[in-house]
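Single-structure report; data block below.
The values are calculated or read from the model by the stated rules, or taken from the named source; none is laboratory data. Keep in mind that this is a model prediction, so the values were computed, not measured. Glycine gets a Cβ as well: all are built from the backbone with ideal geometry, and neighbour counts include every protein chain shown. Surface accessibility is based on the protein's heavy atoms, side chains included, excluding ligands, DNA and RNA. Shrake-Rupley method; radii C 1.70, N 1.55, O 1.52, S 1.80 Å.
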Amino acid sequence: MPEDWENGGFGLYIHWPFCQAKCPYCDFNSHVVAQIDQRAWADAYVSEIARIGAETEGRVLRSVFFGGGTPSLMDPDVVDAILTKIRATWPIANDIEVTLEANPTSVEAGRFAGYRDAGVNRVSMGVQALNDADLKALGRLHSASEAMQAFDIARSVFDRVSFDLIYARQGQTLKDWEAELRQALGLAVDHLSLYQLTIEDGTAFGDRYAAGKLRGLPDDDVAADMYALTQGVCEDTGFAGYEVSNHARPGCESTHNKIYWKYGDYAGIGPGAHGRLTLGGTRFATEAPRAPAAWLSQVRQTGNGDLCRDVLSLDDQFAEFLLMGMRLRDGVSVARFSQLSDNILINKINGLVEIGMLEYNTETLRLSQQGYPVLNAVLRKLLED
Amino acid sequence: MTDLSHIRNFSIVAHIDHGKSTLADRLIQSTNTVADRDMKAQLLDSMDIERERGITIKANTVRIDYTADNGEAYILNLIDTPGHVDFAYEVSRSMRAVEGSLLVVDSTQGVEAQTLANVYQAIDADHEIVPVLNKIDLPASECDRVAEQIEDVIGIDASGAIRVSAKTGIGIHETLEAIVNLLPAPKGDRDAPLKAMLVDSWYDSYLGVIVLVRVIDGVMKKNDRVKFMSNGTVHGIDKIGVFRPQMQDVAELGPGEIGFITASIKQVRDTRVGDTITSERKGTEVALDGFKPAQPVVFCGLFPVDSSEFEDLRDAIEKLALNDASFSHEMETSAALGFGFRCGFLGLLHLEVIRDRIEREYDIDLITTAPSVVYHVYMRDGEMIELHNPADMPDLTHVDHLEEPRIKATILVPDEYLGDVLKLCQDRRGVQLDLTYAGSRAMVVYDLPLNEVVFDFYDRLKSVTKGYASFDYQMTGYQQDNLVKMSVLVNDEPVDALSMMVHRDRAEARGRAMVEKLKDLIPRHMFKIPIQAAIGGKVIARETLSALRKDVTAKCYGGDATRKRKLLDKQKAGKKKMRQFGKVDIPQEAFISALKMDS
């Protein structure tokens with residue numbers, strides 16, 4: 001019998017932890033530094049690839065994702081060194097997806113051709129908003145027109161281009177958002193990520209919010225209306241939502257992110273990177289130290305960038321399988337969750353079907369249109385004791 | 001033994017914070033009863049809760065040796081009484097055990113309602129009363145005005161009031177002299193059969209029950225066999241002594257003396273305050289008058305937040321009950337709250353003290369249901385049922401009528417808040433009995449239903465008067481009224497723990513306030529939830545809690561799985577603080593907050 005992870009496949013995540021500036025809403029592991037020794041970083045990534053490659057020999061690699069931070073600050077030579085090492089380590093799927101997150105500035109667009117030559121075949125651009133005032137409020141360094149120029153370059157260089165927008169912003173009305181969304185869909189190539197602004201603890205927005213100084217955020221009802229509108233407009237334009245916040249033309253979904261959501265295995269390399277790896281029949285959660293300097297020196301000195309490697313119990317796996325998998329429009333496979341859990345879920349499922357939150361048949365469990373916006377409540381119910 | 005003429009027994013009557021404990025400490029200290037190194041503030045209040053709240057729950061006593069200015073040695077016995085209305089009966093017994101009282105009034109504040117209640121108890125007990133004006137060291141002290149107020153309000157001569165600062169020690173010597181010269185010596189016959197009053201009792205884990213006694217006639221000695229007249233039980237005295245304030249053995253206790261005995265008694269329940277103790281053989285035939293067993297007047301349900309702690313709760317309640325004959329309990333099952341106990345208390349303070357002790361000393365989180373009074377339900381067949389729990393209300397077709405307990409409430413309040421106080425009392429179905437002035441303070445007396453007071457009357461009174469009102473009450477009896485049981489339905493299911501007895505005329509307002517409050521207290525669910533208040537089958541108030549519309553994490557990628565899983569685990573733990581009712585989760589604080597009315 002195949003191992004559970006094989007249902008999701010195997011991918012590799014590379015974390016580049018540096019940004020030119022920290023955005024006030026971002027709680028990702030990103031750092032602003034004056035100087036980066038790109039060569040040293042390339043060596044560390046290559047060393048980590050070798051280490052993990054030895055443990056996962058023979059697996060077919062379906063995707064590589066350069067995330068951050070701002071990976072478009074990487075020297076194309078570094079990207080090339082990493083991808084060269086990857087090709088030498090694993091058998092590569094014919095349709096491998098290699099994505100790099102990019103900021104839409106002219107400087108970074110200048111490196112796009114270099115990334116393509118190294119093997120990147122998809123970019124995901126952090127456009128975030130289509131007007132200058134809101135970009136400024138979000139702490140972005142680019143203007144709307146600069147973003148459009150960078151976006152045009154990306155389209156000419158790569159076959160596959162995605163971009164992110166943040167909505168439910170301060171002072172944004174339902175009408176404002178609809179206009180912006182329609183404009184974005186007009187530009188879109190094959191994929192869009194549309195995130196509602198979330199105020200996270202430990203960010204500048206989080207501090208301002210706690211102090212009562214972040215005003216004009218839409219309330220939950222307006223946010224719910226915005227979410228429903230987004231789903232409808234995108235679907236009508238051929239960009240159906242395939243995940244809570246992700247939309248694609250049919251067949252253009254992100255291979256890499258689907259590995260996460262289908263609860264496959266993924267190696268995480270770089271500061272603060274997380275991984276899920278099934279080794280010798282046991283599923284592990286791995287995590288690397290968050291501070292860039294700490295990770296780099298650890299790799300150099302010990303040859304292992306992981307901070308910890310924890311065994312995931314069957315209950316943990318089941319919770320993760322559900323909390324990732326239920327994000328997908330297609331839901332999760334009933335056969336898989338029956339194997340991961342001996343919990344009797346059927347009463348909970350039936351109760352949620354009864355109130356219109358879930359759709360359930362012998363093969364698939366998924367959220368209804370109505371259940372989608374309250375996914376967390378559905379998960380709490382499914383996973384309660 | 002000490003000659004009766006050289007004994008003085010007294011209590012101190014005072015309002016909270018007027019300096020009773022400080023004065024007691026100073027009397028003890030100035031007579032070298034306690035070495036300075038053993039002195040700690042408020043020597044006599046031994047429980048944490050007593051110290052924190054500045055109240056005395058159990059009677060304490062101390063024996064002080066004092067050589068007066070006339071050169072004679074005296075024994076002074078101070079009984080420090082509970083100062084709260086809930087313990088009025090205990091106060092009355094302590095008062096009967098002594099011959100005089102010091103009436104301590106804060107000279108910066110004046111007479112308060114509680115002072116009144118206790119001073120009337122002292123007058124009832126035929127005490128000689130010595131007024132003491134305390135805190136004269138403070139700039140706001142107004143001795144003449146307060147002395148005049150004592151004369152006006154209480155009607156005793158205050159011209160010779162002793163001026164004291166318990167804090168600095170001014171007037172302490174004068175107070176001791178007044179005790180010797182103004183208070184009467186006890187009377188009693190050493191050769192008569194033993195007759196002693198059980199003043200109070202409490203449990204000690206080493207000695208068993210310790211019984212505080214006042215000997216009226218006869219003598220008690222170690223190894224004597226004594227009989228408790230209310231239940232006929234006989235015990236051999238293991239240990240006999242006095243408090244200084246530590247226990248000190250003595251050979252005997254004779255007439256006029258106050259001390260303790262232990263007699264291998266396991267339960268405080270077996271020792272009833274006010275009981276008469278006599279010899280097993282040739283004892284007195286005539287018991288002291290005024291004895292009555294304690295009657296709980298306020299009831300509520302106590303449930304463990306974590307249902308697995310039920311046995312711990314049982315254990316805690318049984319231990320506390322051993323030491324408190326006035327606290328009753330029986331097991332109760334609630335559909336909403338699971339297993340718990342229906343408990344009876346002497347009053348709201350008693351309830352709070354017991355609840356605090358369970359939470360603190362036994363570390364059990366509790367859900368407390370709405371306090372309820374004891375209703376008398378008269379059935380059509382003539383039978384009368386005492387209703388302790390609205391959930392037990394019999395079928396209305398068999399009920400003829402209901403009666404509820406009423407109280408006489410005395411409130412002293414500065415003039416500027418009088419209007420608000422009158423409105424509060426009217427709103428609570430009060431009937432004004434009296435309204436008089438003492439200086440700039442009004443004294444209002446109201447006849448009120450106890451059930452209107454047990455919810456949050458005292459909190460409301462404090463808030464409308466910014467804390468300047470003082471309040472006391474006594475039970476007056478039962479009266480018929482138009483009372484109904486109001487049920488609360490959440491998602492069409494009755495929530496038993498929220499049902500309550502209300503007056504018919506107040507039902508709509510109560511019901512409305514309740515459903516509005518619950519709407520705020522219950523989190524949104526995935527479906528809309530009707531919240532209704534009903535009398536029988538008739539809905540009198542309704543709100544609808546709309547469905548949750550958005551609760552979804554915008555971003556969740558490979559690096560988020562661990563964090564989101566741990567968050568779900570944490571929420572799972574938080575959910576233990578919710579009670580599931582049908583399909584609805586109700587947070588426990590809803591059970592408490594929903595019952596606090598703002599109007």
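Tabulated data for the structure shown
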read-out: Residue within segment A:72-82 that is among the polar types (S, T, N, Q), open to solvent by less than 10 Å² (accessible area, probe 1.4 Å) and over 15 Å from A:PHE10 (Cβ atoms) present; value: yes
read-out: Total residues in segment A:58-77, condition free of Cβ contacts under 8 Å to residues at least 60 places away in the same chain and in a strand (DSSP E or B); value: 4
read-out: Entirely in segment A:93-174, the helices (runs of 4 or more DSSP H) that have 3 or more residues that are surrounded by 19 or more Cβ atoms within 10 Å (Cβ to Cβ); value: A:112-118, A:144-157
read-out: Residue check for A:VAL244: in contact with a strand residue (DSSP E or B) (Cβ under 9 Å, 6 or more places away or on another chain), closer than 25 Å to A:CYS23 by Cβ and within 12 Å of chain B (Cβ to nearest Cβ); value: yes
read-out: Selection within segment B:247-265 - in a loop (DSSP other than H, G, I, E, B) and either within 15 Å of B:ILE277 (Cβ to Cβ) or in contact (Cβ under 8 Å) with a residue 40 or more places away in the chain (or both); value: B:GLY254, B:PRO255, B:GLY256, B:GLU257, B:ALA263, B:SER264, B:ILE265
read-out: Qualifying residue in segment B:149-158 (condition: at pLDDT below 95, under 17 Å from B:ALA24 (Cα atoms) and buried (at least 18 other Cβ atoms within 10 Å of the Cβ)); value: no
read-out: Positions within segment A:286-317 being of a type in the set (Asp, Glu) and within 18 Å of A:ILE52 (Cβ to Cβ), in sequence order; value: A:GLU287, A:ASP306, A:ASP310
read-out: Scope segment A:200-242; condition among the aliphatic types (A, V, I, L, M) and under 23 Å from the mean Cα position of the chain (by Cα); matching residues; value: A:ALA204, A:ALA223, A:ALA224, A:MET226, A:ALA228, A:LEU229, A:VAL233, A:ALA240
read-out: Total residues in segment B:462-475, condition part of a strand (DSSP E or B) and in contact with a Pro (Cβ under 8 Å, 6 or more places away or on another chain); value: 1
read-out: Test result for A:VAL32, at negative phi and without any contact (Cβ under 8 Å) to a residue 24 or more places away in the chain; value: yes
read-out: Segment B:421-455, subset acidic (Asp, Glu) and in a helix (DSSP H, G or I), residue least open to solvent (accessible area, probe 1.4 Å); value: B:GLU452
read-out: Tabulated pairs, segment A:79-102, first at negative phi, second open to solvent by 10 Å² or more (accessible area, probe 1.4 Å) and in a strand (DSSP E or B), C-beta under 6 angstrom, 6+ apart or interchain; value: A:ALA93/A:ARG62; A:THR99/A:PHE65; A:THR99/A:SER124; A:GLU101/A:SER124
read-out: Any hit, segment B:224-243, residues being outside any strand (DSSP E or B), modelled with pLDDT of 95 or more and under 21 Å from B:LEU102 (Cβ atoms); value: no
read-out: Residue, farthest from the other protein chains (Cβ to nearest Cβ), within segment A:300-316, restricted to residues that are over 23 Å from A:HIS15 (Cβ atoms) and surrounded by 13 or more Cβ atoms within 10 Å (Cβ to Cβ); value: A:LEU314
read-out: In segment B:252-287, the residues that are aliphatic (A, V, I, L, M), open to solvent by 40 Å² or more (accessible area, probe 1.4 Å) and under 28 Å from the mean Cα position of the chain (by Cα); value: B:ALA287
read-out: The listed residue being at pLDDT below 95, exposed (fewer than 14 other Cβ atoms within 10 Å of the Cβ) and in a helix (DSSP H, G or I), out of A:GLY232, A:GLY202, A:GLY206, A:GLY186; value: A:GLY186
read-out: Failed condition for B:GLU589, given (1) farther than 28 Å from A:LEU358 by Cβ; (2) surrounded by 21 or more Cβ atoms within 10 Å (Cβ to Cβ); (3) not small (Gly, Ala, Ser); value: (2)
read-out: Qualifying positions in segment A:329-363 - more than 11 Å from every other protein chain (Cβ to nearest Cβ), touching a Lys or Arg at 6+ places or on another chain (Cβ under 8 Å), assigned to a strand (DSSP E or B) and open to solvent by less than 70 Å² (accessible area, probe 1.4 Å); value: A:VAL332
read-out: Test: A:GLY356 is touching a helix residue (DSSP H, G or I) at 6+ places or on another chain (Cβ under 9 Å) and outside the structural domain of A:ASP221 (by TED's automatic domain parsing); value: no
read-out: Failed condition for B:ALA287, given (1) in a loop (DSSP other than H, G, I, E, B); (2) at pLDDT 90 or above; (3) aliphatic (A, V, I, L, M); value: (2)
read-out: Condition met for A:ALA223 (open to solvent by 20 Å² or more (accessible area, probe 1.4 Å) and either more than 30 Å from A:ASN29 (Cα to Cα) or not aromatic (Phe, Trp, Tyr) (or both)); value: no
read-out: Any hit, segment B:392-409, residues being without any contact (Cβ under 8 Å) to a residue 40 or more places away in the chain, within 28 Å of B:ALA336 (Cα to Cα) and in a loop (DSSP other than H, G, I, E, B); value: yes
read-out: Positions within segment A:243-289 being closer than 22 Å to A:THR89 by Cα and without any contact (Cβ under 8 Å) to a residue 12 or more places away in the chain, in sequence order; value: A:GLY280
read-out: Residue within segment A:126-136 that is touching a residue at least 12 places away in the same chain (Cβ under 8 Å) and under 20 Å from A:PRO76 (Cβ atoms) present; value: yes
read-out: Enumeration of residues in segment B:94-124 that are in a helix (DSSP H, G or I), open to solvent by 10 Å² or more (accessible area, probe 1.4 Å) and modelled with pLDDT of 85 or more; value: B:ARG96, B:ILE123
read-out: Scan of segment A:371-385 for residues that are at the interface with chain B (Cβ under 7 Å from one of its Cβ atoms) and part of a loop (DSSP other than H, G, I, E, B), ordered by number; value: A:GLU384, A:ASP385
read-out: Residues of segment B:166-211 that turn out to be outside any helix (DSSP H, G or I), of a type outside the set (A, V, I, L, M) and under 25 Å from B:ALA73 (Cα atoms), as a count; value: 9
read-out: Filter result (open to solvent by less than 20 Å² (accessible area, probe 1.4 Å), in a loop (DSSP other than H, G, I, E, B) and polar (S, T, N, Q)) within segment B:63-81; value: B:THR81
read-out: Some residue of segment A:11-34 being of a type in the set (Val, Ile, Thr) and in a loop (DSSP other than H, G, I, E, B); value: yes
